[in-house]
Amino acid sequence: MARNVQRRAALADAGLRVLAATGARGLTHRAVDAEAGVPVGTASNYFRSRDALLGALGERIMERFTPDEEVLTALAAREPSLELLADYVRYVVERTTRQPELTRALFELRLEAVRRPALARILGDTLRRGYRDDVAFHVNAGLPGGAFEVALLHYAMDGLLLDLLTTSVDAGFDADEVLSAFVSRLAAGVTPRPGRAQPGRIPTP
């Protein structure tokens, strides 16, 4: 089994570039080899099947979207508030639009997973793990709401990113204005839940 972690990551990054540029149909082991500038057969040595390749790309996207610890530390130094929640969400949008090819590649993977049950299992595990981590962070940070509100944030951000990074409905509204309005309305609908942790200092996840 291939164990060169750096080579594996470089191949996954090459695969993401191919996926974002050509879609799932253009993603082959040979295309990844060509994009990465490595001998034919290298990608298949690291990713034995197409599903394994696609699943590895999903994991690599999440790795590359890992937030900057310095930014999280600065946010964690503030008291929980509606504005703080909005700034966390702004940071999500900033990270995902700064690397648009990664977000487009993720959209491609999610669509491909509809047609490939094995990929759906791999990618689904990755997405659900990320959601659970987001819920844990949100609650521990004392931000408004809980699992349901984090789910709403995911649904809203997916829609916003889809519009920003693909063919837009071009409604004419500023993205930051939309984000602020959504966070405000979401928090306004939150009702205290028995036993829910009270707001406190925000730890670094």
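The values are calculated or read from the model by the stated rules, or taken from the named source; none is laboratory data. Keep in mind that this is a model prediction, so the values were computed, not measured. Here the Cβ is made from the backbone with ideal geometry for all residues, glycine too, and neighbour counts use every protein chain on show. In case anyone asks, the SASA skips ligands and DNA or RNA and just uses the protein heavy atoms, side chains included. Shrake-Rupley method; radii C 1.70, N 1.55, O 1.52, S 1.80 Å.
Restricting to the range 61-88, count the residues that are outside any helix (DSSP H, G or I), in contact (Cβ under 8 Å) with a residue 60 or more places away in the chain and within 14 Å of the chain's Cα centre (by Cα). Final tally of qualifying residues: 0. Is it the case that some residue within the range 28-43 is in contact (Cβ under 8 Å) with a residue 40 or more places away in the chain and either in a helix (DSSP H, G or I) or within 23 Å of residue 140 (Cβ to Cβ) (or both)? Looking through the range 28-43, none of the residues is in contact (Cβ under 8 Å) with a residue 40 or more places away in the chain and either in a helix (DSSP H, G or I) or within 23 Å of residue 140 (Cβ to Cβ) (or both). Could you tell me whether residue 70 is under 30 Å from residue 138 (Cβ atoms) and acidic (Asp, Glu)? The answer is yes for residue 70. Could you tell me whether residue 158 is touching a Pro at 6+ places or on another chain (Cβ under 9 Å), of a type outside the set (A, V, I, L, M, F, W, C) and surrounded by fewer than 18 Cβ atoms within 10 Å (Cβ to Cβ)? Against the criterion (touching a Pro at 6+ places or on another chain (Cβ under 9 Å), of a type outside the set (A, V, I, L, M, F, W, C) and surrounded by fewer than 18 Cβ atoms within 10 Å (Cβ to Cβ)), residue 158 does not qualify. In the range 124-139, the residues that are hydrophobic (A, V, I, L, M, F, W, C) form Cβ pairs under 6 Å with partners that are part of a helix (DSSP H, G or I) and surrounded by 13 or more Cβ atoms within 10 Å (Cβ to Cβ), at six or more places apart or across chains, as follows: 135/147; 135/150.
Report whether or not residue 105 is within 12 Å of the chain's Cα centre (by Cα), open to solvent by less than 70 Å² (accessible area, probe 1.4 Å) and within 20 Å of residue 155 (Cα to Cα). Walk me through how you get there before you give the answer.
Values: within 12 Å of the chain's Cα centre (by Cα): yes; open to solvent by less than 70 Å² (accessible area, probe 1.4 Å): yes; within 20 Å of residue 155 (Cα to Cα): yes.
Here the answer is yes, as residue 105 does meet what is asked.
Look at the range 44-60 and say how many of its residues are over 24 Å from the mean Cα position of the chain (by Cα) and either within 15 Å of residue 113 (Cα to Cα) or buried (at least 20 other Cβ atoms within 10 Å of the Cβ) (or both). Break it down into steps so the answer makes sense when it comes.
The first filter runs over the range 44-60 and keeps only residues over 24 Å from the mean Cα position of the chain (by Cα), leaving 44-45, 48.
Next, from what is left, pick out any that are either within 15 Å of residue 113 (Cα to Cα) or buried (at least 20 other Cβ atoms within 10 Å of the Cβ) (or both): none.
The qualifying residues number 0.
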